[in-house]
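As structure tokens, the structure follows; a few thoughts come after it.
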Amino acid sequence: MSCQRAQELLNSHVDGELDGFHVSEIEQHLDQCHDCKLDYNSLLDLRSSFKDKSLYYRAPSSLQNRIRSSLHEEAPVDVTPRMTLRALSNRRNEGS
Ligand SMILES: [Zn+2]
């Protein structure tokens, strides 16, 4: 695996989103490549710092209530499609 490819996959690896094949590939690379390993460790540090509970702030209940009541006041959203799939398909065929 190239450093460029490893760099592309580092975030996904830190987030545990890679499949087994890519995990073993990137782990092999990290064992051999000091620079990518440094980046990987930095990402791990960054990730763990975001888990710090002091960064989280619970909104006061007055704010939660205001948001909830404003949602009830809004008019229902019009979800009627502006154009049917058939009309879209016809329009696309006209172009060709
Ligand atoms: Zn590398």
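No lab work stands behind these numbers, since they all come straight from the coordinates. What you see is a predicted model; the values in this text were computed from it and never measured. Note that each Cβ is placed from the backbone with ideal geometry, even for glycine, and that neighbours are counted across all protein chains shown.
The angle separating the long axis of helix 34-50 from the principal Cα axis of greatest extent in the chain is about 50 degrees.
Using a 4.7 Å Cβ-Cβ cutoff, the cysteines of the chain lacking any partner cysteine are CYS3.
Order by neighbour count: TYR57, TYR40, fewest other Cβ atoms within 10 Å first, most last.
TYR57, TYR40
Report, in cubic angstrom per residue, the convex hull volume of the C-alpha atoms of segment 21-75. Intermediate results must be reported in sequence, preceding the final value.
Values: hull volume 8.1 nm³, N = 55.
Dividing the Cα hull volume of segment 21-75 by its residue count gives 147 Å³.
Taking every pair of alpha-carbon atoms in segment 3-50, give the share separated by more than 19 Å as a whole percent. Of all Cα-Cα pairs in segment 3-50, 16 percent lie more than 19 Å apart.
By how many degrees, 0 to 90 and rounded to 10, does the Cα axis of helix 61-73 deviate from the longest principal axis of the chain? That helix lies at roughly 40 degrees to the long axis.
Please list, by residue number, every one of the GluC sites (Glu not before Pro) in segment 1-91 that is coil in DSSP and has at most 14 other beta-carbon atoms within 10 Å. List each step's numbers first, then the result.
Details: sites: GLU8, GLU17, GLU25, GLU27, GLU73, GLU74; in loops: GLU17, GLU74.
Answer in residue order: GLU17, GLU74.
Over all projection directions, the Cα-based convex hull of the chain averages an area of 13.4 nm². In the chain, a dipole from Cβ-located charges (positive for Lys and Arg, negative for Asp and Glu) runs towards its positive end, and of SER70, SER12, ASN93 it is SER70 whose Cα lies farthest in that direction. For the chain, applying the loop criterion from DSSP together with a ceiling of 16 other beta carbons within 10 Å to the trypsin sites (Lys or Arg not before Pro) yields LYS51, ARG58, ARG82.
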